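Visitor: Right, I'll just put the structure down here and ask away after.
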């Protein structure tokens with residue numbers, strides 16, 4: 001975890017504690033208490049100091065982590081809180097020290113502008129967060145709705161802040177009501193897009209929504225003093241919102257650090273697996289046997305010999321290619337399978353029946369993964385000794401998964417005896433797991449054939465085709 | 001057109017010579033080992049349109065040599081002939097525009113013909129014979145289909161003369177005795193193999209829709225289409241003798 005993030009978490013937590021105290025004092029309306037009058041300015045000054053500090057730390061941390069939407073979002077929330085707490089401080093000083101000073105009027109305007117800008121940025125970064133980090137995809141009409149909601153909220157907030165400043169009551173309630181309605185619509189609109197895994201997306205919405213309620217209720221509060229029971233609600237909303245924000249930030253920082261560490265380990269492991277597969281594939285036995293086959297082919301005809309040479313060179317090229325790419329398109333991998341089977345047929349004078357039942361192919365797989373599984377199947381299934389023996393490779397798409405199924409009606413094997421020894425299957429299984437978080441299920445029984453089912457969760461992989 | 005072939009291994013040059021000796025194209029091949037003085041001396045006195053060169057050579061890297069040549073002679077196209085695996089990103093930006101393609105060792109004649117056609121700005125045509133036994137040829141080489149059924153599927157598609165071929169229609173003709181679910185699997189197998197074959201020869205003339213196929217007849221020279229357009233007056237042989245379902249068309253003709 002970067003130093004700036006650690007520091008900012010500590011100060012963020014202290015700031016919220018200070019703000020919490022301020023709002024609780026407000027809630028219990030201790031302004032009338034004389035002892036409170038003495039402590040109030042101290043508390044306000046401390047809250048302004050800490051909130052200023054946190055803003056600078058957050059802005060500084062953006063230089064280390066420019067791409068983090070959540071970091072940018074936290075910075076803007078920090079600026080918003082700074083401006084609110086500073087505005088509160090100046091209002092208090094205005095009332096108690098120099099009531100008619102023009103300095104305080106212009107600083108109020110300044111803080112209103114800062115709040116508007118911070119809010120503008122919060123909205124923008126929230127949308128960016130949803131798209132980039134939580135993988136929301138927007139259809140055209142949803143983009144329009146989001147943009148309209150965004151513009152309306154900026155205009156309404158601006159109107160609200162200006163009206164509050166110039167104290168125009170007539171249109172006040174209607175604009176506040178519209179802001180509240182906006183928050184509700186926004187919450188409902190985004191809520192239906194949240195999938196259960198994006199718990200943080202839901203919490204961010206809730207956090208923003210509670211800020212909205214806080215604005216709404218605090219305004220009613222300041223206008224209508226008979227509604228005493230509502231006085232505490234803005235404080236409560238602000239507290240809840242702040243606590244949620246801190247939680248999200250800590251959780252995000254923890255998860256990104258953990259994820260970065262995990263990625264490093266995974267990269268190393270993937271390289272080891274690729275290297276081990278390379279050694280398995282390019283072994284002297286395979287090379288010399290293949291060359292021997294080709295020599296034999298040339299004794300039949302130039303054409304047959306050339307064909308054998310071409311197939312061997314394609315095989316070797318795909319093995320070398322494996323070390324260059326972690327993932328390749330399924331179509332390319334299936335071409336590799338076809339190549340491999342053709343060469344095996346040539347070498348062993350067989351006619352293996354391999355059926356490609358390909359319904360979906362728009363996704364990536366590790367190179368030489370399916371080839372390795374077919375290699376195993378050809379070695380152990382004895383399909384060429386069975387009448388009607390075949391290997392069926394099927395691919396299909398389900399709601400959240402792309403699936404690959406390799407089935408042969410061969411002799412089958414005892415899973416306990418073979419699977420643990422088969423380094424090819426182990427290697428392939430590990431690569432699918434590390435690179436694609438795929439589930440890998442092997443079913444086999446002696447005399448009943450073998451089935452391998454690979455379930456690849458949809459995600460970035462589904463859209464990105466490298467070859 | 002003058003084409004230079006440059007490789008540090010003489011055996012590679014000999015093989016190239018053997019494979020190009022009977023090429024019926026308007027290209028004059030001149031062979032060089034990686035001797036820069038001789039190469040540049042030739043370039044100064046002759047117009048060269050194409051250079052086919054190895055990448056990893058003893059005295060110089062093929063990419064560097066290409067950069068040096070193109071600095072002085074900007075209108076030369078390039079084909080790299082190599083045993084290495086070359087990605088697009090490996091090709092230097094300065095020469096990328098002039099690279100027609102990569103030819104991998106061992107030499108594949110069909111691919112060589114394809115790239116030479118590109119160098120001559122000739123469009124690659126698929127020549128189809130449907131009278132007699134069905135066969136396809138590209139760059140004077142027979143197209144090898146990876147299964148008999150994928151070949152038959154392509155024949156059926158050609159027979160429809162650009163009309164849509166639905167899965168149901170294909171299954172009815174090609175797998176009439178199979179149970180529907182099995183027939184669908186075999187159809188998908190034939191479709192995938194056909195797609196793979198066409199990708200291999202770099203001639204993508206079929207639009208693969210969901211449960212249907214559509215042929216694009218551009219750059220296809222077919223005796224059947226010529227007969228329908230009255231370009232051939234007399235039919236040479238029986239139509240698609242390998243396939244029973246062609247009898248209807250045969251009777252019509």
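Visitor: For a distance above 20 Å, tell me the whole-number percent of Cα pairs in the range B:93-179 that qualify. It would help to have the intermediate numbers written out before the result.
Guide: On the way: 2002 of 3741 pairs.
Above the 20 Å cut-off, the range B:93-179 has 54 percent of its Cα pairs.
Visitor: Another one. Provide the FRET efficiency to the nearest 0.05 for the residue B:97-residue B:2 pair, computing r from the beta carbons and using R0 = 22 Å. Numbers along the way, then the final one.
Guide: Values: r = 20 Å, r/R0 = 0.92.
Efficiency at R0 = 22 Å is approximately 0.60.
Visitor: Testing the spin-label approximation: label points 7 Å from Cα along Cα→Cβ at residue B:124 and residue B:41. State their distance in nm.
Guide: 3.8 nm
Visitor: Kindly list the residues of the range B:151-188 that lie in the label zone of residue A:396, defined by a backbone N under 20 Å from the point 7 Å along the Cα-to-C-beta vector.
Guide: Counting backbone N atoms under 20 Å from the label point, the list is B:167-168, B:171, B:178-188.
Visitor: Out of every Cα-Cα pair in the range B:32-175, what percent are more than 23 Å apart?
Guide: Details: 5372 of 10296 pairs.
In whole percent, the share of Cα-Cα pairs in the range B:32-175 beyond 23 Å is 52.
Visitor: How big is the convex hull of the Cα atoms of the range B:138-207, per residue, in Å³? Write out the running numbers ahead of the final one.
Guide: Working: hull volume 6.1 nm³, N = 70.
For the range B:138-207, the hull spanned by Cα atoms encloses 87 Å³ per residue.
Visitor: For the range B:1-97, count all C-alpha to C-alpha pairs, find those more than 17 Å apart, and express that count as a whole percent of the total.
Guide: Values: 2257 of 4656 pairs.
So the portion of pairs separated by more than 17 Å is 48 percent.
Visitor: If you don't mind, another one. How large is the helix-only mean residue ellipticity at 222 nm for chain B, computed as the sum of -39500 (n - 2.57) over DSSP H runs with n ≥ 4, divided by its residue count, in deg cm²/dmol to the nearest 500?
Guide: Working: 10 runs with 100 residues, N = 253.
Dividing the helical sum by the residues of chain B leaves -11500 deg cm²/dmol.
Visitor: Same structure, new question: Please average, across the residues of B:214-226, the number of beta carbons from any other chain that are within 10 Å of each residue's own beta carbon, and give a whole number. Mind dumping the intermediate values first?
Guide: On the way: counts 0, 0, 0, 0, 0, 0, 0, 0, 0, 0, 0, 0, 0.
Counting Cβ atoms of other protein chains within 10 Å of each residue's Cβ and averaging gives 0.
Visitor: Further, regarding this structure: So how do B:233, A:301, A:266 line up by other beta-carbon neighbours within 10 Å, fewest first? Walk me through the intermediate numbers first.
Guide: Numbers: B:233 6, A:301 10, A:266 13.
Listing B:233, A:301, A:266 from fewest to most nearby Cβ atoms yields B:233, A:301, A:266.
Visitor: Go ahead and run the numbers for FRET between residue B:61 and residue A:110, Cβ-Cβ distance against an R0 of 56 Å, rounding to 0.05.
Guide: For residue B:61 and residue A:110, the calculated efficiency is 0.30.
Visitor: Where does each of B:82-93, A:434-445 land if you order them by average Cβ count within 10 Å, highest first? Let's see the in-between values first.
Guide: Details: B:82-93: 12.9, A:434-445: 17.2.
Ranking the peptides B:82-93, A:434-445 by packing returns A:434-445, B:82-93.
Visitor: I'd like the mean, over residues of B:102-114, of how many other protein chain beta carbons sit within 10 Å of each residue's own Cβ.
Guide: What the average comes to for B:102-114 is 2.
Visitor: Could you run the Debye sum over the Cα atoms of the range B:107-253, one equal point scatterer each and no solvent, and tell me log10 of I(q)/I(0) at q = 0.20 Å⁻¹, two decimals?
Guide: -1.32
Visitor: Averaged across orientations, what area in nm² does the convex hull of the alpha carbons in the range A:304-344 project?
Guide: On the way: hull surface 11.2 nm².
Across all orientations, the range A:304-344 yields a mean hull projection of 2.8 nm².
Visitor: Is the range B:1-54 best put as rounded, prolate or oblate by its Cα gyration tensor, with a ≥ b ≥ c the root eigenvalues, rounded for a/c under 1.5, and otherwise prolate when a/b is larger than b/c, oblate when not?
Guide: Values: a/c = 2.66, a/b = 1.15, b/c = 2.31.
Verdict is oblate for the range B:1-54.
Visitor: Relative to the first principal axis of the alpha-carbon coordinates of chain B, what is the inclination of helix B:62-72, with its axis defined by its Cα atoms, in degrees from 0 to 90 and to the nearest 10?
Guide: Roughly 70 degrees between the two axes.
Visitor: Run the quick spin-label model on residue A:325 and residue B:166: label points 7 Å from Cα toward the beta carbon, then report their separation in nm to one decimal.
Guide: With each label placed 7 Å out from Cα toward Cβ, I get 3.6 nm.
Visitor: Okay, next question. Quick one: which of B:10-18, B:193-201 comes out on top by average Cβ neighbours within 10 Å, and what's the full order, highest first?
Guide: Taking the mean over residues of other Cβ atoms within 10 Å, the ranking is B:193-201, B:10-18.
Visitor: Within 10 Å of each Cβ of A:350-361, how many other protein chain Cβ atoms are there on average?
Guide: On the way: counts 0, 0, 0, 1, 3, 9, 12, 7, 7, 5, 0, 2.
Per-residue shielding by partner chains comes out at 4.
Visitor: What percentages make up the Cα-Cα pair-distance distribution of chain B when the bins are 10 Å wide from 0?
Guide: 6, 26, 25, 18, 15, 8, 1, 0
Visitor: From zero up to wherever the largest Cα-Cα distance of the range A:276-340 sits, split into 10 Å bins and tell me the percent of pairs in each.
Guide: 20, 47, 27, 7
Visitor: Here is a further query. What is the distance, in nm, between label points placed 7 Å from the Cα along the Cα-to-Cβ direction at residue B:75 and at residue A:348?
Guide: 5.7 nm
Visitor: Sort all Cα-Cα distances of the range B:101-145 into consecutive 10 angstrom bins from zero, then give the percent of pairs in each bin up to the one containing the longest distance.
Guide: 27, 46, 22, 5
Visitor: Okay, moving on. Let me have the relative contact order for chain B, percent, based on Cα pairs under 8 Å that are six or more residues apart.
Guide: For chain B, the relative contact order is 15 percent.
Visitor: How big is the range A:263-400 by the Kirkwood estimate over distinct Cα pairs, in Å? All intermediate terms of the calculation are to be shown ahead of the outcome.
Guide: Details: mean 1/r = 0.0609 Å⁻¹.
Taking every pair of different Cα atoms in the range A:263-400, averaging 1/r and inverting gives 16.4 Å.
Just so you know, all these numbers are worked out from the coordinates, no wet-lab data involved. Keep in mind the model is a prediction, meaning the values are calculated, not measured. Glycine also receives a Cβ, built like all others from the backbone with ideal geometry; neighbour counts cover every protein chain displayed.
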